[in-house]
Amino acid sequence: MELNERYPLPTYEGAAIYRNGVFQFNISRIMEATLEGTIPAKEELVEVSTWFQYQQRGRVNEEHLSNVNVS
């Protein structure tokens, strides 16, 4: 992995940010760059019902639910 000096890009107020652990994906800037053509992207048709069958999903540990702080 190499550092790209152009990133991270500054965010705009109200930007859509997806936080995933230590990574933060600026969805608004990704969409801008994709539409401008600066990030190459290809369009793909995805059959959601088929895709969903093969994705790993976590299971809820119901015994732990009483210990969860939801405040």
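Average projected area of the Cα convex hull of the chain, in nm²?
Reported value for the Cα convex hull: 9.0 nm².
Please sort by residue number the trypsin sites (Lys or Arg not before Pro) in the chain whose DSSP state is loop and whose Cβ has at most 11 other Cβ atoms within 10 Å.
6, 42, 57, 59
Kindly report the accessible area of the chain per residue (heavy atoms of protein chains, probe 1.4 Å, no ligands, DNA or RNA), in Å².
Per residue, the chain has an accessible area of 107 Å².
Using protein chains only and a probe of 1.4 angstrom, how many square angstrom of residue 28 are accessible, to the nearest 10?
The accessible area of residue 28 comes to roughly 40 Å².
When only the heavy atoms of the protein chains count and the probe is 1.4 Å, how do 68, 22 rank by accessible area, highest first?
Sorted by accessible area, descending: 22, 68.
Can you give me the angle between helix 27-36 and the longest principal axis of the chain, using Cα atoms only, in degrees from 0 to 90, rounded to the nearest 10?
30 degrees
Between residue 59 and residue 4, what is 0.36 nm times their sequence separation minus the Cα-Cα distance? Round to one decimal in nm.
Result: 16.1 nm gained on full extension.
Is it possible to state the helix-based mean residue ellipticity at 222 nm for the chain, with each DSSP H run of 4+ residues giving -39500 (n - 2.57), the sum divided by total residues, to the nearest 500 deg cm²/dmol? What is it?
Roughly -6000 deg cm²/dmol at 222 nm, from the helical runs in the chain.
The values are calculated or read from the model by the stated rules, or taken from the named source; none is laboratory data. None of these values were measured; they are calculated from a predicted model. Heads up, the Cβs are rebuilt from the backbone with ideal geometry, glycines too, and the neighbour counts pull from every protein chain shown. Accessible surface is based on the protein model in full, side chains and every heavy atom, while ligands, DNA and RNA are left aside. Shrake-Rupley method; radii C 1.70, N 1.55, O 1.52, S 1.80 Å.
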